[in-house]
Amino acid sequence: MNALDRRTLVPEILDRLAADDPRALHSRRDLARINALMFQAPIMTSLMRKFIAKAPGRILEIGAGDGTFMLKVARRMARDWHEVELTMLDRVGLVTPKLSADFAALGWTVETITADVFDWAEMANGRPFDAITVNLFLHHFDDSGLLRLFSLLRRKAPLLVATEPLRTGFALAAARLLPAIGVNDVTRHDAVESVRAGFRGSELSDLWSAAGGRPLEEQRAGPFSHAFVGEARISAEGA
Ligand SMILES: C[S@@+](CC[C@H](N)C(=O)[O-])C[C@H]1O[C@@H](n2cnc3c(N)ncnc32)[C@H](O)[C@@H]1O
């Protein structure tokens, strides 16, 4: 049996560091470069264009980090999608006024929520969103955590769009080469572990179905990424 046949989860170092820890700050800058190397923004953009028929009013980005990933996506979408209300949720509050201004220049308004996603999803009973997006986030959770998360999220929006690490030997080898571009020890560890915790095949579809949703697409995207789109029904209790 191959070590990558199954997902393995090891806690990521970045998740345990204070937001202003210099190692965390360095690692978040690394993350922006890794997103670029993985083509995550173009992959997310093409999924959103394909599956969101008309310009959404409200998008929720979960595990949004410092928001720079979503800004790249917004810049690609803004010509067609105006006046989007974007809510960015993360356990750590990192979105700066400058970043919100960059979104505002595109016509997008930003609200931030600093909370654990499970706590928020259990409690929140606001207006539903048109879509939920996640990038390099779902792989943080084991399958039972994902089942719980999906059960909660499908009450919040009719669509989940995810771009995650692909779990392959090639992606693992590439992650091990990242020190060549100057990433720090945190990123070196977390990138390798993210691949081991990443996805392949129909793993996310199976969990989404088990949570009562309808998978629309799940496939490898580019050399290092795994894309998933699921449709949900918004239940009365979440609306
Ligand atoms: C690998 S980073 C990706 C950040 C961003 N999506 C990007 O691509 O730059 C994962 C993010 O998920 C956040 N996170 C991890 N567990 C979380 C949780 N239970 N609730 C909310 N945010 C969480 C972390 O704080 C971190 O910002």
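Here, each number is a calculation from the coordinates, and none is a lab measurement. Owing to the predicted nature of the structure, the values given are computational and were not obtained by experimental measurement. Every residue, glycine as well, gets a Cβ built from its backbone with ideal geometry; the counts of neighbours run over all protein chains shown.
Taking other Cβ within 10 Å of each residue's Cβ, how do 156, 72 sort, fewest first?
Details: 156 24, 72 19.
Going from least to most buried by this count: 72, 156.
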- [ ] Order by neighbour count: 123, 48, fewest other Cβ atoms within 10 Å first, most last.
- [x] 123, 48
Task: Two-site label geometry, residue 122 and residue 105: point separation in nm, points 7 Å out along Cα→Cβ - done: 4.1 nm
TODO: Could you size up the charge dipole of region 13-233 around its Cα centre, putting +1 on the beta carbon of Lys and Arg and -1 on that of Asp and Glu, and report it in debye to the nearest 20?
DONE: 580 debye
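Take the Cβ-Cβ distance between residue 173 and residue 206 as r, set R0 to 22 Å, and report the resulting FRET efficiency rounded to the nearest 0.05.
Values: r = 27 Å, r/R0 = 1.22.
Once the sixth-power term is evaluated, E becomes 0.25.
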Task: Part-to-part distance (alpha-carbon centres) for region 152-198 and region 1-60, which is given in Å - done: 7 Å
Task: Given the chain, longest segment not containing exposed loop GluC sites (Glu not before Pro) (DSSP; at most 13 other Cβ within 10 Å) - done: 84-236
Open item on the list: Checking the table 50/98; 98/156; 50/156 against a 26 Å threshold on Cα-Cα, which pairs fail?
Closed with: 50/98; 98/156
Task: For the chain, with +1 on Lys and Arg beta carbons and -1 on Asp and Glu, the positive-most of 97, 141, 198 along the dipole - done: 198
Task: Under 5 Å, built H, 5+ apart or other chain: amide partners of residue 113 - done: 88, 89, 90
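Grab the Cα-Cα distance for residue 115 and residue 91, subtract it from 0.36 nm times how many residues apart they are, and report the gain in nm with one decimal. Please report the intermediate quantities before stating the final value.
On the way: separation 24, 0.36 × 24 = 8.64 nm, distance 0.45 nm.
Full-extension gain reported as 8.2 nm.
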Task: Unit charges on C-beta of K, R, D, E only; dipole of region 59-100, Debye - done: 220 debye
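Only Cα pairs under 8 Å and at least 6 apart count here; give the relative contact order of region 21-119 as a rounded whole percent. It would help to have the intermediate numbers written out before the result.
Numbers: 125 pairs, mean separation 25.8, N = 99.
Worked out over region 21-119, it gives 26 percent.
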- [ ] Would you mind telling me the antiparallel percentage of the DSSP bridges in the chain, rounded to 5?
- [x] 40 percent
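Please give the length that would be gained between residue 8 and residue 54 if that part of the chain were fully extended, namely 0.36 nm times their separation in residues minus their C-alpha to C-alpha distance (nm, one decimal). Intermediate results must be reported in sequence, preceding the final value.
Values: separation 46, 0.36 × 46 = 16.56 nm, distance 3.78 nm.
That pair, residue 8 and residue 54, stretches by 12.8 nm at full extension.
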Task: Charge context of residue 215, other residues only, Cβ under 13 angstrom, K/R +1, D/E -1 - done: -3
Task: Interchain or long-range residues, amide H under 5 Å from residue 133's placed H - done: 60, 61, 62, 161
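Can you tell me, using C-alpha contacts under 8 Å and at least 6 residues apart, the relative contact order of the chain as a whole percent?
On the way: 433 pairs, mean separation 55.8, N = 239.
23 percent.
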Task: Residues with amide H under 5 Å from that of residue 225, placed H, sequence gap 5 or more - done: 166
